[in-house]
Amino acid sequence: MHDKAWTRKRFLFDRLLYTAAFFFAILLVLVVLWLDRMEAGLPVKPDNLVYLFLLAGAVWIGVLIYDYVRQAGYASALNKRLGESAQSSLDSALFLPSRTMEQQAVNELLQKQHRAYLSTLSSYRASQEQHLHFTNQWVHQLKTPVSVIDLLIQQSEGTLTPPERIQELLTSIQEENEKIASGLQMMLYTARLEKFELDVHPRRIELTAVARRIVNDYKKACIRASIFPKIESSAPDIYVETDEKWLSFVLHQLIGNAIKYSRKREGNKPLLIRIEQKSYGTRLEVQDSGIGIAAEDLPRVFDAFFTGENGRGVVTESTGMGLYLVKQVMSRLGHQVDIQSEPGQGTTVSLMFQSQGLHRFGERDEAGGVRPGSRVTKM
């Protein structure tokens with residue numbers, strides 16, 4: 001039998017204190033009765049006192065027997081659960097036949113803890129499945145640029161390649177290398193997101209300087225795609241409280257998406273980054289002139305692995321994780337993100353930073369032009 005099993009011996013031991021208190025109380029009553037009769041000059045018969053003591057003891061024994069019988073079913077079920085292996089059903093302890101209010105309260109507590117455990121377990125499973133799905137998709141995604149680089153190298157081997165062809169090959173290899181670097185960065189930040197609270201260091205940063213630095217990182221990609229970025233700011237210096245590294249990752253994703261979904265269009269294409277101070281805080285917009293997003297896809301663009309119509313047809317290398325990570329990062333930083341798009345006209349993603357570092361926003365500002373007198377920085 002399990003060393004914690006409920007037995008008669010344990011039953012009696014648990015009630016030993018009550019038994020001692022009961023008989024001590026009976027003894028006090030008998031002593032008081034005996035003293036009272038002596039003071040009144042009445043005779044005291046010891047046999048009567050012993051009889052009363054034995055009668056009270058018989059009542060107490062009857063109570064113990066009733067209590068034991070009442071809880072026998074609960075004890076039997078409890079012993080059975082204790083004897084089960086660790087691999088038994090997770091809900092085996094939830095259906096004990098309670099007989100007392102205390103046992104009912106314990107059962108309710110077990111059920112509450114079981115629901116909390118299942119919720120936590122479900123969350124971890126979903127996170128694990130999502131991570132596995134993303135890892136598989138990420139590995140498959142990186143196989144394409146690796147294969148392209150290998151093919152370009154094979155095409156250039158054993159031939160006398162003219163200088164212009166060499167430059168073309170190097171440009172193609174650089175494009176594929178940028179895809180690999182972008183995929184590695186996304187994988188790294190996805191892993192860091194699991195321990196976000198240990199990797200965030202909020203401080204006061206100047207938005208225009210951060211935006212300019214990210215745009216410079218994409219300078220070559222913009223040139224190749226005939227995209228002309230421009231930063232508009234409503235004030236010379238606009239500061240917000242946030243984490244610079246995570247915000248840089250968000251802007252990398254947004255500008256990278258803007259280039260990815262704009263490069264297939266013909267001609268010169270503007271890419272506008274607008275920074276404005278509003279009554280509720282600061283708003284940063286990334287507005288491209290790409291292919292846009294279908295109206296039926298807009299409500300789901302922040303879902304993990306959702307690629308939509310564009311990802312299935314126009315830009316097949318889409319992972320569906322970029323905007324999902326943007327939403328997750330902005331939410332954990334206490335900021336908001338919004339997206340507006342029209343097919344064939346482009347997409348505008350808005351990042352909103354509330355004043356005084358609060359974690360909720362007031363009413364959203366309507367989309368409009370730049371304030372009069374705003375500063376324009378051409379890249």
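Laboratory data are not the source of any read-out in this text; all were calculated from the coordinates shown. In this text, all values refer to a predicted model and were calculated from it rather than measured experimentally. Here the Cβ positions follow ideal geometry from the backbone for every residue, glycine too, while neighbour counts run over all protein chains shown.
Numbers at a glance
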| read-out | value |
| --- | --- |
| Helices (runs of 4 or more DSSP H) completely within the range 1-83 that count 1 or more residues being surrounded by 14 or more Cβ atoms within 10 Å (Cβ to Cβ), in contact with a Lys or Arg (Cβ under 7 Å, 6 or more places away or on another chain) and touching a residue at least 24 places away in the same chain (Cβ under 8 Å) | 46-83 |
| Any chance D237 is over 30 Å from the mean Cα position of the chain (by Cα) and over 30 Å from Q155 (Cα atoms) | yes |
| Selection status of Y117, of a type in the set (F, W, Y) and under 34 Å from the mean Cα position of the chain (by Cα) | yes |
| Filtered residues of the range 254-296 (kept if among the β-branched types (V, I, T) and farther than 21 Å from G344 by Cβ) | I273, I275, T282 |
| Residues that are charged (D, E, K, R), assigned to a loop (DSSP other than H, G, I, E, B) and crowded, with 20+ Cβ neighbours inside 10 Å, drawn from the range 263-293 | D288 |
| Sole residue being among the charged types (D, E, K, R) and more than 26 Å from the chain's Cα centre (by Cα), chosen from E206, E244 | E206 |
